[in-house]
Amino acid sequence: MSPHVSPLLTNRSPGQSPIGGLNSRGAKVIVQGSMDRAGSILRVVSYNVHCGIDAYGEFRPGGIAALLSEVDADVVALQDVFTYASSLKRKQGAEDPFNLVHYLSGRTGLGHCQFLGAEEGASFQPGVGLISRYPLSAKQELTFPQWFGRPAQRALACVVEHPTRRFWVISVEMQCDPTQLEQMSQVRQLQEFLATLQDIEEIDAVVCGGFNALPCSKPVQTMNREMDNLWLWGSRQATFPSNWPILMLDYVFLYRSRSLVCESTTVKSSVASTHLPVTVHFSYSH
């Protein structure tokens with residue numbers, strides 16, 4: 001398929017490189033049209049699944065599983081997932097809680113999964129998760145401090161044991177914050193968290209998340225200065241709301257790139273959640 005470049009990509013800022021070149025930090029970033037499975041190494045998806053509730057307010061997690069199977073994802077960073085068990089069932093010990101991450105892992109065949117939620121013992125535990133075709137190791141957790149009694153948000157990181165290139169994948173969800181003050185605090189903590197991951201092992205890091213911030217916002221602009229916003233190198237499609245997308249709230253960033261190469265970034269239309277999934281196709285450099 002011939003390369004397709006959005007007209008928006010011609011309006012680059014001085015710090016950005018031509019398509020297919022090196023970015024301002026020397027990392028190779030290539031933008032092209034979608035490519036077939038034979039030409040890709042792995043596909044990483046960031047998806048805010050809205051607790052399995054679709055655009056019409058129905059709890060239908062099967063639609064999310066079907067979509068992830070359709071895009072043939074290798075690694076999926078999930079936001080707004082949960083575990084749930086009624087108080088009676090927990091007291092009786094009769095049934096394990098329903099875990100949306102485990103459910104999606106089982107339905108998609110991505111057999112390796114991790115979940116980070118609220119405190120143990122709560123009936124409903126919201127959080128973030130990862131599911132993967134490859135083993136996940138070196139689990140690291142970050143819980144952002146609560147502001148004004150609002151629910152705490154989290155970031156979950158694991159090493160993806162890909163047979164060719166091991167890399168960090170991070171699933172993060174940030175607070176919806178019109179003032180951007182809490183979001184800026186969370187961005188700074190996330191940057192420190194990413195630096196800590198590099199202290200553990202210096203490998204590429206793919207940061208996926210529902211940042212609940214627009215591309216022009218200070219939190220996203222701050223992230224852009226430290227890592228590559230792969231949405232900027234794609235078709236720049238909006239992700240929310242899914243049935244009439246007008247806002248870009250979900251992103252994938254590439255941090256400290258050494259060997260991963262972004263081949264394409266796409267946003268797939270779906271009403272399985274209120275958000276649309278962002279898919280990045282990566283290959284690797286020798």
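Some notes on this structure:
- Exposure proxy ranking for 113, 216, 208, based on other Cβ atoms within 10 angstrom of each Cβ and starting from the fewest, stands as 216, 113, 208.
- Highest average packing first - 146-158, 170-182, Cβ atoms within 10 Å: 170-182, 146-158
- Here's the picture: a label point sits 7 Å out from the Cα of residue 271 along the beta-carbon direction, and within segment 45-79 the residues with their amide nitrogen under 17 Å of it are 50, 52-67.
- Label point of residue 161 set 7 angstrom out along Cα-Cβ; within segment 127-147, amide nitrogens under 18 Å from it belong to 130-140.
- Long-range amide H partners of residue 268 with built H, under 5 Å: 279
- Mean separation of Cα contacts under 8 Å, 6 or more apart, over the residue count of segment 82-240: relative contact order %: 15
- Burial order of peptide ranges 185-194, 75-84 (average beta-carbon count within 10 Å, highest first): 75-84, 185-194
- Once the Cβ-Cβ distance of residue 152 and residue 60 is raised to the sixth power relative to R0 = 25 Å, the FRET efficiency obtained is 0.40.
No value in this document is a laboratory result; all are computed from the given coordinates. Not measured: the values here are computed from a predicted model. Here the Cβ is made from the backbone with ideal geometry for all residues, glycine too, and neighbour counts use every protein chain on show.
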